[in-house]
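Values quoted throughout were computed directly from the atomic coordinates according to the rules given, and no laboratory measurement underlies them. No experiment lies behind these values; they were computed from the predicted model shown. Don't worry about glycine lacking a Cβ; one is built from the backbone with ideal geometry, like all the others, and counts go over all protein chains shown.
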Amino acid sequence: QMPEARQRFGLPPDRRVVAFAGALIRAKGLFELVAAAASLEADRPILALAGTGPDRQGLDDLARRDGVDVRFFGHLAPPDVGALFAAADAVALPSYSEGLPNVVCEAMLSERAVVASTVGGIPEIIEDGRTGLLVPPQSAQPLAAALRRILSDDALRASMALAAREFARTHLTWDVSARGYDAVYRKALNAGTQTPSTSPRRTMRA
């Protein structure tokens, strides 16, 4: 799957690739991501960025200055985002703030280890060291350390990716969501009320 996906996006088969999907804005932590990649020196990964935004040129300028290979793929439809993740070794989302980002759910369902910041709902779905790595936002050094760790250890990366997919299939699909809502409504009806007091975890897709 990865060789075909890399061929589709013109990515070399012998380089590490870190993917990102989202708005190309500073608040997504992309300038820190470029700085983190630059600090890896000889082992710098390719950054495959899907999305559009006002900071594209600034990111390109920084990457050129620091010698980081950044590939911009523009806006991609959801199936194409999944294909880009299939071409990557890992997915990064070092945002300054988030809710429960679909991109992390999609990466986990695509069986990819994720490096993401400890904001919003991300720590609810990523178990640090098991399904991915968590880093503080707005800090390139911990991000670089996490990238180095996950890209240099094939066994660890594969283990995290598999655990991420198993968690996602159990907790983050529409089928699971439907069953959760059904249970909530049944409980509410049995209690004699039509308004459930709680709702299940937000989910993505089957």
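Here is how the numbers come out for the structure above:
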quantity: Cut-off 14 Å between beta-carbons: net charge of the residues surrounding Ala145, Lys and Arg +1, Asp and Glu -1; calculated: -3
quantity: Length-normalised contact order for the stretch 45-109 - Cα pairs under 8 Å, 6+ apart - percent; calculated: 34 percent
quantity: Radius 15 Å from Cβ of Arg8, net charge of other residues (Lys, Arg +1; Asp, Glu -1); calculated: 0
quantity: Additional length obtainable on full extension of the chain from Arg15 to Thr118, 0.36 nm per residue less Cα span; calculated: 34.3 nm
quantity: Tensor-based shape of the stretch 1-147 (alpha-carbon gyration tensor, a/c under 1.5 rounded, otherwise prolate or oblate); calculated: rounded
